[in-house]
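Visitor: Take this structure, written in structure tokens, and hold onto it; I'll ask about it next.
The values are calculated or read from the model by the stated rules, or taken from the named source; none is laboratory data. All values derive from a computational prediction rather than experimental measurement. Note that each Cβ is placed from the backbone with ideal geometry, even for glycine, and that neighbours are counted across all protein chains shown.
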Amino acid sequence: MSEEAQKESLATIFRRLIANTGPISLMHYMGESNARYYDSRDPLGSAGDFVTAPEISQMFGELIGLWLADMWINAGREEPVHYVELGPGRGTLAQDALRTAKRYGLEPTIHFVESSTELKDVQLAAIPGAQWHHDLSTAPPYGPILLVANEFLDALPVRQLVKTPDGWRERMVVPEGERFVCVAGSQPMDAAVPEARRAAEPGTIIETCPGAAAAVYEVAGRLVDQGGAALFIDYGHDQIRDGSTLQAVRDHLKVDPFVAPGEADLTAHVDFATLAPIALSRGCKWLGTVPQGRWLRNLGIEARAQTLAAAAPQHAAAIESAKERLVSEGQMGLLFKVMGLASPSWPGGAGF
């Protein structure tokens, strides 16, 4: 995008595009909005738009590092081994995970898949030895990979299909007054809907995420070919469901996703129920998909919180509060899921 186009609001660009060529798909709208959003700012932390689990407490990254080291040791400590993170944010998770893993002899090469130029500078300061990739295709093709994707899949654009009296149609975006709205497209899309779900009531919305499916497909193939294990951690559901889950966050508040595209973080719930069979289709081992709270408790977050509180009594209340935010069902513990994958020749993982 040229510098002039960057200065122009995305809403203006969308209005011109729609006036010239007709409605755009919701997937196009979300993809362009998030590309503009992530390329122009550091969205994380109290000064940004949202806070992720690694920023809440070091315990989150530490337990992930412990899990990765445990998997690698039980698989035979194969070298060279690569730590790969999709959408590493500020590098906080990697810092905590790699520091913990090092205590157990795991010192992998470090690879970040990141498109935000703004965040790359922050990551470089946090992890000076990291190598950057635009996508997974340029990550090392040999040696096991230990992959982590925390709140990565939820920002990938979703495609929504709606059942109309005339059959299934893709949801498209058009301007209406000051904002944008969704309308049903004109092209029949029945072939894109799984047969078991085609007979739904008019008004039913089905949401799919081709980008998430492609990412899990590629990671599963890598695990089968190279060995290794992967954790996908995100908010979402582990049962098939209908309806739109599109939402927007700005300044830590939910806002209208159809106002000011490119100025808020657009996300959708991750459909883990669809992703597990994709991994299995490649011959990869699916370790399970479990609530984040249960997984962290199984890995010993309670004991870790007690140790940290004993070492720094003045921070005990803050440590307890952060732990509760990560594990309690009313906060991140139930809505967030952890999906584990591994090479067929690797062991099962703790916590699942």
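Visitor: Restricting attention to segment 152-171, report how many residues are assigned to a strand (DSSP E or B) and either within 30 Å of Tyr83 (Cβ to Cβ) or out of contact with any Phe, Trp or Tyr (no Cβ under 9 Å at 6 or more places or on another chain) (or both).
Guide: To start, the set of residues in segment 152-171 that are assigned to a strand (DSSP E or B) comprises 159-164, 167-171.
Filter once more, keeping what is either within 30 Å of Tyr83 (Cβ to Cβ) or out of contact with any Phe, Trp or Tyr (no Cβ under 9 Å at 6 or more places or on another chain) (or both): 159-160, 163-164, 167-171.
The qualifying residues number 9.
Visitor: Let me ask something additional. Residues Ala184, Ala149, Ala220: which one is assigned to a helix (DSSP H, G or I) and either touching a residue at least 12 places away in the same chain (Cβ under 8 Å) or not small (Gly, Ala, Ser) (or both)?
Guide: Residue meeting the stated conditions: Ala220.
Visitor: Another question about this same structure. Which numbered condition in (1) surrounded by fewer than 17 Cβ atoms within 10 Å (Cβ to Cβ); (2) out of contact with any helix residue (DSSP H, G or I) (no Cβ under 9 Å at 6 or more places or on another chain); (3) of a type outside the set (Lys, Arg) is the only one that Val224 fails?
Guide: With respect to (1) surrounded by fewer than 17 Cβ atoms within 10 Å (Cβ to Cβ); (2) out of contact with any helix residue (DSSP H, G or I) (no Cβ under 9 Å at 6 or more places or on another chain); (3) of a type outside the set (Lys, Arg), Val224 is out only on (1).
Visitor: Would you check which residues across segment 314-349 are more than 18 Å from the chain's Cα centre (by Cα), surrounded by 15 or more Cβ atoms within 10 Å (Cβ to Cβ) and part of a loop (DSSP other than H, G, I, E, B) and list them?
Guide: Ser343, Trp346, Pro347, Gly349
Visitor: Any idea which of (1) surrounded by fewer than 18 Cβ atoms within 10 Å (Cβ to Cβ); (2) more than 26 Å from Leu326 (Cβ to Cβ); (3) at pLDDT below 95 is the one Leu253 doesn't satisfy?
Guide: (2)
Visitor: Give me the pairs: first residue in segment 68-97 and acidic (Asp, Glu), second residue assigned to a helix (DSSP H, G or I) and modelled with pLDDT of 95 or more, beta-carbon distance under 8 Å, and six or more apart or on different chains, which are they?
Guide: That search, which allows pairs on different chains as well, returns Glu78/Trp72; Glu85/Leu93; Glu85/Ala94; Asp96/Phe60; Asp96/Gly61; Asp96/Glu62; Asp96/Ile64; Asp96/Gly65.
Visitor: Counting only residues that are closer than 20 Å to Ala342 by Cα, in a helix (DSSP H, G or I) and of a type in the set (S, T, N, Q), how many does segment 282-313 have?
Guide: The number of residues fulfilling the criteria is 2.
Visitor: Which of (1) in contact (Cβ under 8 Å) with a residue 60 or more places away in the chain; (2) surrounded by 23 or more Cβ atoms within 10 Å (Cβ to Cβ) is the odd one out, the single condition Lys163 does not satisfy?
Guide: The failed condition is (1).
Visitor: Within segment 1-42, which helices (runs of 4 or more DSSP H) (wholly inside it) include 3 or more residues that are at pLDDT below 95 and either in contact with a Cys (Cβ under 9 Å, 6 or more places away or on another chain) or within 27 Å of Glu207 (Cα to Cα) (or both)?
Guide: Of the helices (runs of 4 or more DSSP H) lying wholly inside segment 1-42, those with at least 3 residues that are at pLDDT below 95 and either in contact with a Cys (Cβ under 9 Å, 6 or more places away or on another chain) or within 27 Å of Glu207 (Cα to Cα) (or both) span 26-39.
Visitor: Listed residues Ala279, Ala309, Ala260; which is among the small types (Gly, Ala, Ser) and without any contact (Cβ under 8 Å) to a residue 12 or more places away in the chain?
Guide: Residue meeting the stated conditions: Ala309.
Visitor: Can you find a residue in segment 102-124 that is buried (at least 21 other Cβ atoms within 10 Å of the Cβ), of a type in the set (Ser, Thr, Tyr), touching a residue at least 12 places away in the same chain (Cβ under 8 Å) and out of contact with any Cys (no Cβ under 9 Å at 6 or more places or on another chain)?
Guide: The answer is no; no qualifying residue exists.
Visitor: Test each condition in (1) out of contact with any Pro (no Cβ under 7 Å at 6 or more places or on another chain); (2) among the hydrophobic types (A, V, I, L, M, F, W, C); (3) under 27 Å from Asn20 (Cα atoms) for Val173 and report the one that comes out false.
Guide: (1)
Visitor: Name the residue, out of Ala264, Ala279, that is among the small types (Gly, Ala, Ser), at pLDDT 95 or above, surrounded by 15 or more Cβ atoms within 10 Å (Cβ to Cβ) and touching a strand residue (DSSP E or B) at 6+ places or on another chain (Cβ under 6 Å).
Guide: Ala279
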